[in-house]
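K.L.:
Mind having a look at this structure? Questions to follow.
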Amino acid sequence: MKIIEIDVYPLNLPMKQNFRISGGSVGDTEKGAPHVFVKITADDGTEGWGEARPSNRWSYETKESVVSTIENYFKPVLIGENIGDLQKAHKLMKNEIKNGLTIGQPIAKAAIDIALHDLIGKQRKQSIASLWFTKPKPSVQLSYLISTDNIKDAIEKANFALENGYQGIDLKIGFNADEDLRLVEAVKEAIPDLFLRVDANQGYTLSEAITVSKGLEKLGVDVFEQPLKANDLLGHAELRRKTYVPIALDESIWTAGDLIQAIRLEACDTAVIKITKMGGLLGAKLCGEIAREANLDLLGGGLTESTLGLTASAHLFNYLGIDRPVDLNGPMFLEDDPVSEGPAINEGNVLLNNDLHGVGCSIDTQKINKFRVG
Ligand SMILES: [Mg+2]
């Protein structure tokens, strides 16, 4: 079966709560959030759907760059290709958009990769898990994301997570070392038994990160994520030698090559796996497998994708056996979503249906049209 069409839909999805990281706002209730949906059609009429959720406050990709990259560079080389040859699809995309320091335009590549996995699964009448010759457990535990500088608000959110069955909290820090530690202390007091992951999104200098890590040690925080700049592997290695808190790398690891450099430099205890930053399921699966073999801990995350990206990610995290609550929280922030049927999400759990083919989400094309911007 060959690819005969690739349709790209830039969307603006409405948000029900604001979301900020140390780099700035990545979406708010006034402006909504940029998502790009992609539909790939095969010559027998089968369709596969993929999603990109770019955020220029997290990395360099934007809604506009995802659309132009797919339309002008990927689509011309992928039309006419066999849908089942994922490796070749990635090779063609890599040939069109070369690496920078690491993979080039991974979020745009991920939308194509997810759509191809969906299409292959539907065509072969298999779930994503079956394509990987596995039948993992159906549920994935979610963490609850808190991004606020207001202590009262953070405590309320932590209590909400506790009351609603969440097993873990992902707390955004990286703004101001002293204030961040006060925020972490308040949240830890509210949820002493939940898994607590704090994410600085590259917000600190090395000396600030050392100070913060000493505070996190005392508070019993489970993992300290991406305290320093993405390219500062040596800084992370030094921090790691000076603290007992496990150090996780997220923005530093985009490819298997990045992960191997981090392992060689002993720069982390934990690797954060995300399908969109890693160019799709193919690259993220490889990173997860290498990290697992290197005896690193694994954390799962996303970039607040809608239910489509969340479901694709959940398949991978189950395959990798990630048992800590994963940071897939798009639907927590989104008021509406183009997925009409997908997995049940409740009490901090995603319940996957592995009997469905492909990713296992139905797309409401009326909503695609409703939220389409350009
Ligand atoms: Mg992170």
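Computed from the coordinates by the stated procedures, all read-outs in this text should not be read as laboratory data. Here the structure is a predicted model, which means the values were calculated and not measured. Ideal geometry is used to build each Cβ from the backbone, glycine not excepted, and the neighbour counts take in all protein chains shown.
K.L.:
Under a Cβ-only charge scheme (Lys and Arg +1, Asp and Glu -1), can you give me the dipole magnitude of segment 232-374 about the Cα centre, in debye to the nearest 20? Walk me through the intermediate numbers first.
P.N.:
Values: 12 positive and 20 negative charges, 58 e Å.
Computed charge dipole of segment 232-374: roughly 280 debye.
K.L.:
If you count, for each residue, the other Cβ atoms within 10 Å and average over each peptide, how do 362-372, 145-155 line up from highest to lowest?
P.N.:
145-155, 362-372
K.L.:
Once you've got the Cα coordinates, tell me which of K63/K229; K152/K370; K109/K370; K214/K285; K16/K172 are over 28 Å apart.
P.N.:
K152/K370; K214/K285
K.L.:
Percent antiparallel among DSSP beta bridges with both residues in the chain, to the nearest 5? Show your work: numbers first, answer last.
P.N.:
Working: 31 of 54 bridges.
That works out to approximately 55 percent antiparallel.
K.L.:
Could you check the simple spin-label distance between E189 and K98, using points 7 Å along Cα→Cβ, in nm with one decimal?
P.N.:
Computed distance between label sites E189 and K98 equals 5.6 nm.
K.L.:
R0 = 30 Å: FRET efficiency of I4 with K370, Cβ-based, nearest 0.05?
P.N.:
The calculated FRET efficiency here is 0.70.
K.L.:
Starting at the first residue of segment 317-323, write each ³J(HN,Hα) from the Karplus equation 6.51 cos²θ - 1.76 cosθ + 1.60 with θ = phi - 60°, in whole Hz, x for Gly and Pro.
P.N.:
5, 5, 4, 6, x, 6, 9
K.L.:
Looking at the square roots a ≥ b ≥ c of the eigenvalues of the Cα gyration tensor of segment 90-233, which shape do they give, rounded for a/c under 1.5, prolate if a/b is larger than b/c, or oblate? Walk me through the numbers before you get to the answer.
P.N.:
On the way: a/c = 2.98, a/b = 1.52, b/c = 1.96.
Since a/c reaches 1.5 but b/c is at least a/b, the shape of segment 90-233 is classed as oblate.
K.L.:
Ordered by packing density, taken as the mean number of other Cβ atoms within 10 Å over each peptide's residues, highest first, how do 227-235, 175-183, 116-124 rank? Walk me through the intermediate numbers first.
P.N.:
Working: 227-235: 19.4, 175-183: 17.2, 116-124: 22.6.
By packing density, highest mean first, the sequence is 116-124, 227-235, 175-183.
K.L.:
Then there's this: Relative to the present Cα-Cα distance, how much length would full extension add between E179 and E217 at 0.36 nm per residue of separation? The partial results should precede the final answer.
P.N.:
Numbers: separation 38, 0.36 × 38 = 13.68 nm, distance 1.62 nm.
Extra length available between E179 and E217 comes to 12.1 nm.
K.L.:
Using a ≥ b ≥ c from the Cα gyration tensor of the chain (square roots of the eigenvalues), is it rounded, prolate or oblate, where a/c under 1.5 gives rounded and otherwise the larger of a/b and b/c decides, a/b for prolate?
P.N.:
prolate
K.L.:
Given 0.36 nm per residue, what is the gain on full extension from N164 to N231 after removing their alpha carbon distance, in nm?
P.N.:
Using 0.36 nm per residue and subtracting the Cα-Cα distance, I get 20.4 nm.
K.L.:
So if I take the centroid of the Cα atoms in segment 44-96 and the same for segment 297-319, what is the distance between those two points in Å?
P.N.:
Each part's Cα centre sits 19 Å from the other's.
K.L.:
Per DSSP helix of 4 or more residues, -39500 (n - 2.57); summed, then divided by the residues of the chain. What does that give at 222 nm, rounded to the nearest 500?
P.N.:
Numbers: 14 runs with 142 residues, N = 374.
For the chain, the value works out to -11000 deg cm²/dmol.
K.L.:
Could you sort 292-301, 264-273 so that the peptide with the highest average Cβ count within 10 Å comes first and the rest follow in order?
P.N.:
Details: 292-301: 18.6, 264-273: 20.5.
For the peptides 292-301, 264-273, the packing ranking is 264-273, 292-301.
K.L.:
Now a separate question. Does segment 228-374 come out rounded, prolate or oblate, given a ≥ b ≥ c as the square roots of the eigenvalues of its C-alpha gyration tensor, rounded meaning a/c under 1.5 and, failing that, prolate meaning a/b above b/c?
P.N.:
Values: a/c = 2.32, a/b = 2.00, b/c = 1.16.
The shape class here is prolate.
K.L.:
Also, I was wondering about something else. For segment 21-111, which trypsin sites (Lys or Arg not before Pro) are in a loop by DSSP, counting at most 16 other Cβ atoms within 10 Å?
P.N.:
Here the trypsin sites (Lys or Arg not before Pro) that fit, given the DSSP loop and packing criteria, are K31, R57, K98.
K.L.:
Under the 0.36 nm per residue contour assumption, what length would be gained going from the current alpha-carbon distance of I260 and D323 to full extension? Write down the numbers at each step before the final one.
P.N.:
Details: separation 63, 0.36 × 63 = 22.68 nm, distance 2.27 nm.
This chain segment gains 20.4 nm when fully extended.
K.L.:
Using +1 at the C-beta of Lys and Arg and -1 at the C-beta of Asp and Glu, which of P138, L334, A108 has the Cα lying farthest in the positive direction of the dipole of the chain?
P.N.:
In the chain, that residue is A108.
K.L.:
Under a point spin-label approximation (7 Å from Cα along Cα-to-Cβ), what is the T29-R57 distance to one decimal in nm?
P.N.:
The two pseudo-label positions are separated by 1.5 nm.
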